[in-house]
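To keep things clear, I will list the structure first and then write my remarks on it.
The values are calculated or read from the model by the stated rules, or taken from the named source; none is laboratory data. None of these values were measured; they are calculated from a predicted model. Cβ atoms come from the backbone with ideal geometry, glycine included; neighbour counts cover every protein chain shown. Each accessible area value is taken on the protein alone, full model and side chains, heavy atoms only, with ligands, DNA and RNA left out. Shrake-Rupley method; radii C 1.70, N 1.55, O 1.52, S 1.80 Å.
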Amino acid sequence: NDMARVSKKYPDKIEVVSSAIIENNKGEILLTRSLKWNNKWTLPGGHIETGESIFESIIRETAEETGLKVNPICVISSGELISSRDFHRDAHFIYFDVYCKLISGELKIEKRELSNFRWVLPENALRLDLAETYPETIKKYIDYKKSIT
């Protein structure tokens, strides 16, 4: 079982993870409903592997979870999340949320971890049942986009 394997891989360790804020050409971002996060809406992402940069992990994880090819632009937010009320097991995450432009690909979600997806305008994303830390990340993304236009 995948989840048991991950728990064994990170016993009592800080886990370094990344999430992708993927923007399409309509200014919408991709949200995924994650079984690991109490079936709440999240951004696609996962663990940064040893020897892999933040951007490399974003490219790999996005391809694995969604089938999409993305161009990472910059880290929008970072922080730590200890014993999240939404995550399926006790964990200590250091996270990096990366703004990405969609390059190509046909969206095919990874059914073992994700139950749904939707493209949504960032302001509307804030009205959904988002997992812990994601509302702050999306607000930072909205502020960033305003600052560059």
Quiz item: List the trypsin sites (Lys or Arg not before Pro) in region 44-86 that DSSP assigns to loop (not H, G, I, E or B) and whose Cβ has at most 10 other Cβ atoms within 10 Å. Which are they?
Solution: ARG85
Quiz item: Considering only DSSP beta bridges with both partners in the chain, what is the antiparallel share in %, to the nearest 5?
Solution: 70 percent
Quiz item: Between Rg and the Kirkwood Rh of the chain, both from Cα atoms, what is the Rg to Rh ratio?
Solution: 0.93
Quiz item: Label LYS145 and LEU107 with points 7 Å out from Cα along Cα→Cβ: what is the distance between them in nm?
Solution: 1.4 nm
Practice problem: Could you pull out the pairs from LYS111/LYS146; LYS13/LYS146; LYS36/LYS69 whose alpha carbons sit more than 30 Å apart here? | Solution: LYS111/LYS146; LYS13/LYS146
Quiz item: Taking 0.36 nm per intervening residue step and subtracting the Cα-Cα distance, what contour gain separates ASP90 from LEU126 on full extension?
Solution: 10.4 nm
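Need the full-extension length gain, LEU35 to GLU136, defined as separation in residues times 0.36 nm minus the C-alpha distance. One decimal, nm.
Gain in length upon complete extension: 34.3 nm.
So, for the chain, what is the accessible surface per residue at a probe of 1.4 Å, expressed in square angstrom?
53 Å²
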